[in-house]
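Remarks on the structure that follows.
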Amino acid sequence: MASKKLSQILLLVATIGLLGNLGCNSEKNNTMVGAGSSKSKTADIESNDTEVPGPQTEPLLAQPSDPVAVGLATVLVVDRAGFDEVLAKHKGQVVLVDYWATWCPACRKKFPHTVALAKEHQADGFTVIGVAIDDDDTHEEVVKFLTEQHATFDNLRSKAGLSEEAFDAFEIPGGTLPCLRLFDREGKVIKTFAYDDTADKQFTDDDVAEAVKAALEK
């Protein structure tokens, strides 16, 4: 019996590790993909914003446009124009944008590394912008996750929610997460890190860290 139980535990651990290395496509009911994705793009590419309340002890405000900061995380709901405005505010800094989602296990696994990079290089002219590709009904889950991660940088959520419109607007290759994009101090794209089911090797946390370090040295 002990041997059988140990085998079951090892199988569970291996399964969790595998899920963390897969990409997540934009089909919410079938988020894990090993080959292919919901869109055919393969290239490496380069309003009225409202803050929405997250989890709180009191009832939610009747008007979701009222700004409410919850714990350490405040999430701004934006379209592409709103994102561009936030990015422009960081001109002079190297910026890493992490496109993620609560429904994407691989994103949740990689996100702590993004937070660690932000803290490690915060005095070096570096910042992070998080963009959640989530629907309105998961906004509280977005805020909860960011609060747990102590993500104190700019946190945004797609106004278009989880949709092809959102993936197109933010130019996310293949409609697949996780995706990270690095900008230089002038706001120009240096590198896009995206899941590619045709590649022999996917990008790693070390790849992102090395690109950030190189950008900061310029």
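Kindly provide the set of residues from segment 194-212 that are part of a loop (DSSP other than H, G, I, E, B) and surrounded by 15 or more Cβ atoms within 10 Å (Cβ to Cβ), ordered by number. Break it down stepwise before answering.
Here is the first cut: in segment 194-212, the ones part of a loop (DSSP other than H, G, I, E, B) are 195-204.
Across segment 194-212, the qualifying residues are 195, 196, 197, 202, 203.
Can you say whether residue 137 is surrounded by fewer than 19 Cβ atoms within 10 Å (Cβ to Cβ), modelled with pLDDT of 95 or more and out of contact with any helix residue (DSSP H, G or I) (no Cβ under 9 Å at 6 or more places or on another chain), as far as the supplied structure shows? Answer is yes for this residue. Can you name the number of the only condition in (1) in contact with a His (Cβ under 7 Å, 6 or more places away or on another chain); (2) under 19 Å from residue 189 (Cβ atoms) that residue 133 fails? That leaves (1) as the condition not met.
Looking at this structure, is residue 91 loosely packed, with under 14 Cβ neighbours inside 10 Å, at pLDDT 95 or above and in contact with a Gly (Cβ under 8 Å, 6 or more places away or on another chain)? In short, yes. Going by what's in this entry, would residue 189 be described as in contact with an Asp or Glu (Cβ under 8 Å, 6 or more places away or on another chain) and surrounded by fewer than 18 Cβ atoms within 10 Å (Cβ to Cβ)? Answer is yes for this residue. Taking each residue of segment 109-120 that is of a type outside the set (A, V, I, L, M) and at pLDDT 95 or above and looking for partners that are assigned to a helix (DSSP H, G or I) and surrounded by fewer than 18 Cβ atoms within 10 Å (Cβ to Cβ) with beta-carbon atoms closer than 7 Å, six or more apart or interchain, yields 109/20; 110/205; 113/205.
The values are calculated or read from the model by the stated rules, or taken from the named source; none is laboratory data. Source: prediction; values computed, not measured. Every residue, glycine among them, receives a Cβ derived from its backbone with ideal geometry; neighbour counts consider all protein chains shown.
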